[in-house]
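Visitor: Got a structure here, written out as C-alpha cells. Questions coming.
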Amino acid sequence: MTQKSRANRFPCASDDLIPAKKDTDTPQTRSPSYRLAFADGEFLLGDELRAVRLMLEFLKPELLMEKHDVRSTVVIFGSTRVEDPESSTTPSDCGCTLDSRYYREARELASILSSREQGQDQQKCVVMTGGGPGIMEAANRGAADVGAKSIGLNIVLPREQIPNPHITPELTFQFHYFALRKMHFLHRARALVVFPGGFGTCDELFEALTLLQTKRIKPMPVLLFGEEYWREIINFPAMVDAGVISAEDLNLFSFVETPAEAARIIEDFIESTNSSQ
C-alpha cells in the first residue's frame, strides 16, 4: 500500500471484509448477490469479468515489481528440458538431445549480468525468466549464486509447472493469460537472450521480433545463443528470399556463443543508451 492510499479518507476495502462477514444469517445475507463484489470469487471468475481479470493480471506483477524497485530486466528464454549437468546421471526421458552446456552457460550469463548490473544506482537489470525448469532454472540459479534478485513468470499449464527454487520468492508470479505474461516479459526488458528451445521459446522470440520490426517497442539486443541450433531450426535467409521479411530485419537479432560475449553486447548497449539519454 502506498503512502498516497494510506492518506485516503475513505475506508480501505480490506477494512470492510470482517464486518461484512458478521452480518446476521438470513436468506438475504446468504444470497450470492449480497457478497462484496471484490471478495466474490464466483463473480470474478465469470466470463463477463475477463477484462477485469486481464487488468488484474497486469497490475499485480506491475505493482510488486515497482515495490521491489525492478527498473529494468534482462529476459532469458530457453527450453524447459535442458538438464543440469551436475545433477543429471541418466539421459532425459523426454528425448531432449540439447547439450547440457546450455544450462551451465545460462547460469553463468545470469551471474555475470546480476553481479555487474544490480549494484548500480541508475539501472537494475534484473534477470527474468519463465520461472520453470531447464534454461529458466539455470538463469534464476545464476542470479541467486551472486546473491541477486531474479524474477519468474510462471503460467498455469495442463502439466503442472512449479516455480524453480532459485527465483526470489516475492518476485515469483503465476499467470493465466499468455498474452499478459509476454507483455511483462517485454515491459521492462533491456535485452533478450534466447537459448535453444521449442514452441514456447520460438513464440516468445517471434513476439519480440514482430514488435521490434513494427517499432512497437524500443530497440534492444535480441541474442540467439547457439548459432548452429538456430540456423538449423529457423531459416531466416529463406524468409528474406521469399520476400516475407526484409534483409534489414536480419539485423534485429544476432548470434552469440558464450556468456561473456552476450554480457558484453548487453552491457555495451545499456551503457550507450544510458549515455544518450
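The values are calculated or read from the model by the stated rules, or taken from the named source; none is laboratory data. Just so you know, these numbers come straight off a predicted model, no measurement behind them. No Cβ is skipped: glycine too gets one built from the backbone with ideal geometry, and neighbour counts run over all protein chains shown.
Visitor: Does the range 1-9 contain any residue that is exposed (fewer than 12 other Cβ atoms within 10 Å of the Cβ), outside any helix (DSSP H, G or I), among the β-branched types (Val, Ile, Thr) and at pLDDT 80 or above?
Guide: Among the residues of the range 1-9, not one is exposed (fewer than 12 other Cβ atoms within 10 Å of the Cβ), outside any helix (DSSP H, G or I), among the β-branched types (Val, Ile, Thr) and at pLDDT 80 or above, which makes the answer no.
Visitor: When residues of the range 153-170 are filtered for being more than 11 Å from THR129 (Cβ to Cβ) and either touching a Ser or Thr at 6+ places or on another chain (Cβ under 8 Å) or surrounded by 13 or more Cβ atoms within 10 Å (Cβ to Cβ) (or both), how many remain? Spell out the reasoning first.
Guide: At the first step, the residues of the range 153-170 found to be more than 11 Å from THR129 (Cβ to Cβ) are 155-162, 165, 168-170.
Restricting the remaining residues to those that are either touching a Ser or Thr at 6+ places or on another chain (Cβ under 8 Å) or surrounded by 13 or more Cβ atoms within 10 Å (Cβ to Cβ) (or both) gives 155, 161, 168.
Of the residues in that region, 3 qualify.
Visitor: If you check ARG190 against the conditions, is it closer than 15 Å to GLY132 by Cβ, surrounded by 15 or more Cβ atoms within 10 Å (Cβ to Cβ) and basic (Lys, Arg)? Spell out how you get there, then give the answer.
Guide: Details: closer than 15 Å to GLY132 by Cβ: no; surrounded by 15 or more Cβ atoms within 10 Å (Cβ to Cβ): yes; basic (Lys, Arg): yes.
Taking the combined requirement at face value, the residue does not satisfy it.
Visitor: Take the residues of the range 194-209 that are of a type outside the set (D, E, K, R), in contact (Cβ under 8 Å) with a residue 12 or more places away in the chain and more than 18 Å from GLU83 (Cα to Cα): which is surrounded by the most Cβ atoms within 10 Å (Cβ to Cβ)? Steps first, answer last, please.
Guide: Residues of the range 194-209 that are of a type outside the set (D, E, K, R), as a first pass: 194-202, 205-206, 208-209.
Among the residues that remain, those that are also in contact (Cβ under 8 Å) with a residue 12 or more places away in the chain are: 194-198, 200-202, 205, 208-209.
Next, only the ones that are more than 18 Å from GLU83 (Cα to Cα) stay: 202, 205, 208-209.
Details: CYS202: 15, LEU205: 19, ALA208: 23, LEU209: 18.
Per the criteria, the residue is ALA208.
Visitor: Then there's this: Can you tell me which of (1) under 21 Å from GLU261 (Cβ atoms); (2) assigned to a helix (DSSP H, G or I) is the one LEU192 doesn't meet?
Guide: Of (1) under 21 Å from GLU261 (Cβ atoms); (2) assigned to a helix (DSSP H, G or I), only one is false for LEU192: (2).
Visitor: Let me ask you something else. Quick one: which of CYS96, CYS12 is hydrophobic (A, V, I, L, M, F, W, C), surrounded by 13 or more Cβ atoms within 10 Å (Cβ to Cβ) and at pLDDT below 90? Can you show your working first?
Guide: Values: CYS12 fails: surrounded by 13 or more Cβ atoms within 10 Å (Cβ to Cβ).
Result of the check over CYS96, CYS12: CYS96.
Visitor: Tally time: how many residues in the range 235-271 are β-branched (Val, Ile, Thr) and under 23 Å from the mean Cα position of the chain (by Cα)? Please lay out each step first, then the result.
Guide: Kept after step one, since they are β-branched (Val, Ile, Thr), are these residues of the range 235-271: 240, 244-245, 256, 258, 265-266, 270.
Those left that are additionally under 23 Å from the mean Cα position of the chain (by Cα): 256, 258, 265-266, 270.
Number of matching residues: 5.
Visitor: Mind counting the residues in the range 112-134 that are touching a strand residue (DSSP E or B) at 6+ places or on another chain (Cβ under 7 Å), modelled with pLDDT of 95 or more and either surrounded by fewer than 24 Cβ atoms within 10 Å (Cβ to Cβ) or not hydroxyl-bearing (Ser, Thr, Tyr) (or both)?
Guide: Counting residues in the range 112-134 that are touching a strand residue (DSSP E or B) at 6+ places or on another chain (Cβ under 7 Å), modelled with pLDDT of 95 or more and either surrounded by fewer than 24 Cβ atoms within 10 Å (Cβ to Cβ) or not hydroxyl-bearing (Ser, Thr, Tyr) (or both) gives 7.
Visitor: Something else about it: Which one of these is in contact with an Asp or Glu (Cβ under 9 Å, 6 or more places away or on another chain) and either farther than 25 Å from MET136 by Cβ or in contact (Cβ under 8 Å) with a residue 60 or more places away in the chain (or both): ILE270, ILE245? Don't jump to the end; show me each part of the working.
Guide: Numbers: ILE245 fails: in contact with an Asp or Glu (Cβ under 9 Å, 6 or more places away or on another chain).
Matching residue, one of ILE270, ILE245: ILE270.
Visitor: For the range 36-65, which positions are in contact with a helix residue (DSSP H, G or I) (Cβ under 9 Å, 6 or more places away or on another chain) and touching a residue at least 12 places away in the same chain (Cβ under 8 Å)?
Guide: Across the range 36-65, the qualifying residues are LEU36, PHE38, ALA39, ARG53, LEU54, GLU57, PHE58, PRO61, GLU62, LEU64, MET65.
Visitor: Tell me, yes or no, whether the range 228-237 has at least one residue that is of a type in the set (A, V, I, L, M) and surrounded by 17 or more Cβ atoms within 10 Å (Cβ to Cβ). Let's see the steps before the verdict.
Guide: Of the residues in the range 228-237, the ones of a type in the set (A, V, I, L, M) are 233-234.
Those still in the list that are surrounded by 17 or more Cβ atoms within 10 Å (Cβ to Cβ) too: none.
Among the residues of the range 228-237, not one is of a type in the set (A, V, I, L, M) and surrounded by 17 or more Cβ atoms within 10 Å (Cβ to Cβ), which makes the answer no.
Visitor: Right, another one. Starting from residues that are of a type in the set (Gly, Ala, Ser) and over 15 Å from the mean Cα position of the chain (by Cα), keep the ones in the range 138-166 and report whichever is nearest to SER100 (Cα to Cα).
Guide: Taking the range 138-166 first, the residues of a type in the set (Gly, Ala, Ser) are 138-139, 142-144, 147-148, 150, 152.
Okay, now just the ones that are also over 15 Å from the mean Cα position of the chain (by Cα), so 142, 144, 147-148.
Details: GLY142: 15, ALA144: 20, GLY147: 24, ALA148: 24 Å.
Restricting to residues being of a type in the set (Gly, Ala, Ser) and over 15 Å from the mean Cα position of the chain (by Cα), the top hit is GLY142.
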